[in-house]
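All remarks here apply to the structure that follows.
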Amino acid sequence: MALVLIILALAVLLLVTEWVASEIVALLVLLALTLAGVIDQSQALLGFSNPAVITIASVLVLGGGLSRTGVAAAIGRTILSFSGDSETRLTVLMMLTVGVLSGLINDVGVAALMLPVVLEVARRLGRSPSKLLIPLAFASLLGGMTTAIGTNPNILVSGALRDRGMNTFEMFDFTPVGAAALSVGILYMVFWGNRILPDRDLPRQTGRPGKRDLKGLYGVDKVLFALKVPGGSRLAGKTVAQCRLGSALQAILLAVVRRERPLLAPGPETVLREGDRLWMEGRPERLEALKGWELLRLESGGDLVDQMGEADVEVAEVEVAGEASIAGKSLAQTSLRSRHGATVMALRRQDEVHYSDLLGVHLLGGDRLLLIGPQGLSQGLSERDGFVNVSRLQPREAVERYGLQRRLLRVKVPEGSLLAGKMLAATRLGDAFGLTVLGITREGHTQFVPDPESELLEGDSLLIEGRPEDLQTLDALRRLEVERDLPPSNLKSLESEDVGLAEAMLSPRSDLAGKTLREAHFRERFGLTVVAVWREGRALTSGLRDIQLRLGDAFLVYGNRHRLGMLAEEPDFILLSEQARKALRDQKAPLCLGIMAAFLLMVSMDWLPIFLAAPMGAVAMIIGGCLRLEEAYAAVEWKAVIMVGGMLSMGLAMEESGTAAFLADSMLGWVAPWGPHAVAGGLFLITAMAAQVMPASAVAVLMAPIALSSGDELGLSVRALLMVVAVGSSCSFLTPTAHPVNLLVMGMGGYRFRDYGRVGLPLLVLMFAVAVLVLPLVWPLQ
């Protein structure tokens, strides 16, 4: 029991703090219990063979079929069309629709499906989304309580009965309590919750009702300007990528206008010509600042390679180990600079050498890096850092081996230059122009591998790795002519039959949260440009490449409409723009409805148990063409499946070791003298509080054994107590991080963290009343 309690405490700590992914925590629990001898090796994998696991996966595939054939969205649109112009009627119909659908489809899936529909209705009625989106999220949580397949906790508590050798909950055994909870939630939102919901007049509501002017909604029209390529410019004949417009000006090129004909969403390979007008999104002040720089002057004098050889620096070559932890990470993530004081001069991948923009390059096994750093650099690098074949090179040998002869330059910071007085990192010479500063010479002394916070002074000479052409590009950029105000007619020209704007958001299941667009290689993967990010009720339009993405973020994406449609196929994103969403297989809708009806009939009539009927329905969806095989795999929330399979071993260990009985007595024994209703109330509160900080599935797995032991020891109905656990596990109302659906609506509703507590706490109190007063009427406690 002591071992189980220790492992349980560590697991809860990791789940609450999210230091480790929840599915990894579950696997660690499984391994710890097995290696400690708490459960037999033959029992270690019983969780993954539990019927609950295949049921959860299969139900997600069934929900995917309803989504992909358009059945769910069609039902939602049809019902909401009866809302008229009444906000109250809209709230009731929306929550009722979402609640009913959540009984059949995963709550996150329902919220993602209905979010665009609700936003569209809100715009049509001129209502703020902040009045509707928290009700949408909470309705999906409450609706999941209504059927045996509505949420993972319902499936898991039913499985706990099966493991006890008892009859499981039937398909609609949850409906009376779930329907009561949903009804109470709707009444609360209509009569009280609506008053305390924030009413934020978001910019995204501007424009004609029913008409979505995305440029205006995201404020893009306020940061558009044009640049003209003058005659004789060195940019003429160069590609967009070679001109480094985006990185140098921190702006986005939306179109190239040539002879009054716009080329929309130009790619990096587009060649510029004299007289071209470039439509940009960004701040023209950045170009004005660039114009204030007096050009860095290319100098001659001395053999730079010999100076490197005489200085107190070392040049080393290393190879990335094939199985190293840094493989797959970007150079910026390796922290070579902070840990070893090293700068990467070049990267060789097979027969190709790369020199610029290296920090964003993701390393592969076998890559070779040329580094410059302090003496002892090669000795400090080891296989522990992910490197093998570490060797020290003489500077001249390194220069010849990597073809750096023409790339080592010396430039001077002239008098009056705006670079003077700036820290090296603030100059953005590397990111903006692909120039790597290897050293600073001041008063005859050269400091190699200078600190990024080193301040530049007038008269400094910089030893740079780059090309003379890069300096010429810098000069040419300074000579671009700015046109600040684009006529409204030009703004409309940014979209065409082939090119357009679309709204998308990060899926709650996405692994891109915490990464930047640069690290996600968004432009390279999709050929699309993110021109604005919507976060917490406001639009961000600058520095987008380096903004860390958050769950709930929305994006304004610009590019080829075909590619926008391809983005809809990506599980990391939810497309909100109707015209860009993937084509639905609506011709398969009748078949999908038939399969779902057959599944519900088999389960409700008890012809087949859920764990057999659900896989049959999932297979029928795939064979019938409602869902492709890869779409079925994408529909399954594999993290949840792995977590449930691993954590079920903890439930087994808690029961067999007596830990569940001990915890039941410790947690609920003190309320037992007050009667069965007090026990139900205590169990609900513990479960609901845990659901605010832990995944609902994990809460159900851990609380089910405690409910069973409490029922045995106190002579109460275990079925009633398990129903209390199911209800409490679904009450994740108090924080945006308590459940993925809360995060899903946070950005689009402009909500703040405290909004969830203000609206969710009264609802949680009402759910406590449902669990203590209504539930025992359906499931007697004794």
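The values are calculated or read from the model by the stated rules, or taken from the named source; none is laboratory data. The structure displayed is predicted, hence computed values, not measured ones. In this analysis, Cβ positions are derived from the backbone assuming ideal geometry, glycine residues included, and neighbour counts consider all displayed protein chains. When the accessible area is computed, the model is the full protein with side chains, heavy atoms only, and any ligands, DNA or RNA have been set aside. Shrake-Rupley method; radii C 1.70, N 1.55, O 1.52, S 1.80 Å.
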What stretch of the chain, leaving out the sites themselves, is the longest with no chymotrypsin sites (Phe, Trp or Tyr not before Pro) in a DSSP loop having at most 14 other Cβ atoms within 10 Å? 20-606
With +1 on each Lys and Arg Cβ and -1 on each Asp and Glu Cβ, how big is the dipole of the range 319-404 about its Cα centre, in debye rounded to the nearest 20? 260
For the charge dipole of the chain, defined by +1 on Lys and Arg C-beta atoms and -1 on Asp and Glu C-beta atoms about the Cα centroid, which residue among W607, A21, A324 has the Cα displaced farthest towards the positive pole? W607
Can you list residues from other chains, or at least 5 along the same chain, whose modelled amide H is less than 5 Å from the amide H of A554? W534
What are the residues whose amide H is under 5 Å from the amide H of L438, where those residues sit 5 or more places off or on another chain and H is modelled from the backbone? L463, I464, E465
Cα extents of the range 35-88 along the three principal axes, largest first (Å): 64, 27, 13
J(HN,Hα) series, the range 233-240, from Karplus relation 6.51 cos²θ - 1.76 cosθ + 1.60, nearest Hz, glycine and proline x: 5, 6, 6, 5, x, 9, 7, 4
Could you put R261, R561 in order of accessible surface area, largest first, with the 1.4 Å probe and the full protein assembly present? R261, R561
How big is the Kirkwood radius of the range 59-119, worked out from every pair of different alpha carbons and given in Å to one decimal? 11.5
Please state, as a whole number in µm²/s, the translational diffusion coefficient that the Stokes-Einstein equation yields for the range 77-192 at 4 °C and 1.567 mPa s, with Rh defined as the Kirkwood radius across alpha carbon pairs. 89
Any chance you could look up the accessible area of K639 with a 1.4 Å probe, heavy atoms only, rounded to 10 Å²? 90
For the range 413-453, what size does the Cα cloud have along each of its three principal axes, sorted from largest down, in whole Å? 28, 25, 16
The range 319-472 - convex hull of the alpha-carbon atoms, volume per residue in Å³: 113
Using only protein heavy atoms and a 1.4 Å probe, report how much of S461 is accessible, in Å² to the nearest 10. 20
Please compute, over every Cα-Cα pair in the chain, the percentage with a separation greater than 38 angstrom. 50
What part of the accessible area of the range 91-143, given as a whole %, is carbon or sulfur when the probe is 1.4 angstrom? 70
At a 1.4 Å probe, what is the % contribution of carbon and sulfur to the accessible area of the range 306-464? 44
Could you work out the equivalent-ellipsoid semi-axes for the range 572-712, taking the square root of 5 times each eigenvalue of the Cα gyration tensor, largest first, in whole Å? 40, 19, 15
Debye sum, Cα scatterers, the range 693-782, no solvent: what log₁₀ I/I(0) at q = 0.25 1/Å? -1.19
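Kindly provide the GluC sites (Glu not before Pro) of the range 377-471 that DSSP labels as loop, not H, G, I, E or B, and whose Cβ sees at most 12 other Cβ atoms within 10 Å. Please report the intermediate quantities before stating the final value.
Numbers: sites: E383, E397, E400, E415, E443, E453, E455, E458, E465, E469; in loops: E415, E443, E453, E458.
Loop-located and lightly packed - E415, E443, E453.
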Using a Förster distance of 25 Å, the FRET efficiency for L10-S666 (Cβ separation, nearest 0.05): 0.85
What distance in nm separates the two pseudo spin-label positions at R479 and R754, each 7 Å out from Cα along the beta-carbon direction? 5.6
Debye intensity ratio I(q)/I(0), log10, the range 604-652, q values 0.17, 0.18, 0.20, 0.21 Å⁻¹ (C-alpha model): -0.71, -0.76, -0.85, -0.88
With the other protein chains left in place, how much accessible area per residue, in square angstrom, belongs to the range 663-714 at a 1.4 angstrom probe? 33
Starting from the Cα of K515, draw a straight line to each of the aspartates and glutamates and keep only those under 14 Å, dropping any in the same chain fewer than 8 residues away. D546, D553, D572
Heavy-atom accessible area per residue of the range 109-183, all protein chains kept, 1.4 Å probe, expressed in Å², is 23
When only the heavy atoms of the protein chains count and the probe is 1.4 Å, how do D173, D385 rank by accessible area, highest first? D173, D385
Options L648, S732, T687, ranked by Cα towards positive dipole end of the range 626-735, top entry (Cβ charges): S732
Shape category assigned to the range 1-44 from the gyration tensor of Cα positions, a/c cut at 1.5: oblate
tail above 17 Å in the computed P(r) of the range 120-179, as % of all Cα-Cα pairs, reads 52
The range 538-655: percent of C-alpha pairs farther apart than 25 Å? 50
Could you give P(r) for the range 395-509, binned at 5 Å from zero, as whole percent values over all Cα-Cα pairs? 2, 9, 14, 16, 13, 9, 9, 7, 9, 8, 3, 1, 0
Mean Cβ count within 10 Å, highest first, over the residues of peptides 2-13, 112-123: 112-123, 2-13
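So what is the calculated 222 nm ellipticity per residue for the chain, using -39500 (n - 2.57) for each DSSP H run with n of 4 or more, over all residues, to the nearest 500 deg cm²/dmol?
One gets -13500 deg cm²/dmol as the mean residue ellipticity at 222 nm.
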If you place +1 on the Cβ of every Lys and Arg and -1 on the Cβ of every Asp and Glu, how big does the dipole about the Cα centre of the chain come out, in debye to the nearest 20? 2380
Pick out the long, greasy-scoring helices in the chain: whole DSSP H runs spanning 24 Å or more along their own axis by Cα, mean Kyte-Doolittle at least 0.0. 51-68, 107-125, 638-657, 696-714, 753-769
Over the heavy atoms of D276, what accessible area does a 1.4 Å probe trace out, to the nearest 10 Å²? 0
Both in Å, the radius of gyration and Dmax of the C-alpha trace of the range 633-782 are 16.3, 50
